[in-house]
Each structure stands twice: as C-alpha cells, then as structure tokens.
Amino acid sequence: MEDDLPDNVVPFLLLASFRGLIDELHRRLAERGFGDVRAIHGMAMQAVGRGCTATELAKRLGVSKQAAAKTAQALGALGLLRSEINPHDRRERRLEPTARGNAMLAESGRILTKLVGSWRETVGDNNVDITIRTLAATDHGRRSMTDVSDWL
C-alpha cells in the first residue's frame, strides 16, 4: 500500500475496515449459533448494555421512542432481550439482555479480540494502539458510538 494516501481516502478506508470487521464477526457468530443476529442487532444490544429503558435506548441509538420499542421487540423475538416492568415505576419498562443475549455479547467480544489480534499481527501492536487512540480522540459529532440512526 502507498505511504502517501490522499486524505479523501480516509472515510473509505474506515468504512471498508468496519465492514470487513463486522462481516467477519457475524460470519463467526453464525458458526456459533447466532446466525439470526444481524449487525444492527449487535449494535442495538451494545446500546442496551447491561440494561436500560426504551427512552434510554432511543437516545443511545439516536432514534424515536417508537423506533426503540420496535427494535426492542425485534431483539426480544430473537431471544436476546427481555422487557420487564420497573417495580419502582410501573409506567417504565426495563430492557435487559437474556442469557442468550449475554452469550452473544460475550462471544462477540471474544471474536472481536481475535480479529483485532489479526490486525496486530499484520501491522504491529503499536500501530493498532495508535489507531485506536486516534479514533477515540477524534470528534464523533457529539453522537453516541451506537448512533447509526440516519444510516438505517
């Protein structure tokens, strides 16, 4: 690869690396029994984290409350998420990963560690560490890292 790449190639390199990483992640997840999980499901589960309300999920995904509720229903249908009434405020529902959801998230983490490890083997730990620190330090437009709302 050329040493002097033009700046206008950066978005395409980021996109291609992202797509390659996510596509391989989901190929491997499918081998491990999660063939029904798509990239958007994984991102939504990352946004749910250990648990949140539909309102919090909407904010994290950058979508309406109705869209977040629909996403939560889809995750529930996949057996990844459960919704329970908050005992302290019966108007509120708490969204939490199921055992299958937690297993998928844990497996995703293991797979991503291996995939980033292959980057480390290719270009070296220092280069990967610099890239990660650089990306973390850039302006994300004040968006949540899981906000892909206008891409969907």
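Numbers below:
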read-out	value
Residues in region 21-64 reached by a label modelled at ARG110 [backbone nitrogen below 16 Å; 7 Å Cα→Cβ]	25-35
Extension gain from ARG143 to ARG38, taking 0.36 nm per residue of separation minus the Cα-Cα distance	35.6 nm
Cβ charges +1 (Lys, Arg) and -1 (Asp, Glu), total dipole of the chain, debye	1020
Net charge, MET43 excluded, C-beta distance under 13 Å - Lys, Arg +1, Asp, Glu -1	+2
Carbon + sulfur, % of accessible area of the chain - ligands and nucleic acids excluded, 1.4 Å	55
For region 89-122 versus region 1-78, the gap between their alpha-carbon centres in whole angstrom	11
Relative contact order [Cα under 8 Å, 6+ residues apart], the chain, whole percent	24
ASN8-ARG100 FRET efficiency (beta carbon distance; Förster radius 41 Å; 0.05 resolution)	0.45
Residue-averaged 222 nm ellipticity for the chain, from DSSP H runs of 4+ at -39500 (n - 2.57), nearest 500	-19500 deg cm²/dmol
Accessible-area ranking of MET43, MET104, MET145, largest first, probe 1.4 Å	MET145, MET43, MET104
Computed FRET value (nearest 0.05) for ARG90 with THR134, which takes r as the C-beta separation and R₀ as 35 Å	0.15
Under 20 Å from LYS70, Cα to Cα: aspartates and glutamates that are on another chain or at least 8 residues apart	ASP36, GLU56, GLU84, GLU92, GLU96, ASP147, ASP150
Ranked order, PHE12, PHE34, PHE18 - accessible area, probe 1.4 Å, largest first	PHE12, PHE18, PHE34
Taking region 24-88 and dividing mean pair separation by its residue count, relative contact order in percent (alpha carbons under 8 Å, at least six apart)	20
Accessible solvent surface per residue of the chain, calculated while the other protein chains remain in place, 1.4 angstrom probe, Å²	68
Correct choice for mean projected area of the Cα convex hull in nm² that was computed from the model, options [x] 10.7; [y] 12.5; [z] 8.6	[x]
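The values are calculated or read from the model by the stated rules, or taken from the named source; none is laboratory data. The model shown is predicted, which means the values in this text are computed figures rather than measured ones. Note: ideal-geometry Cβ built from the backbone for every residue, glycine included; neighbour counts use all protein chains shown. Heavy atoms of the whole protein, side chains included, go into the accessibility calculation; ligands, DNA and RNA do not. Shrake-Rupley method; radii C 1.70, N 1.55, O 1.52, S 1.80 Å.
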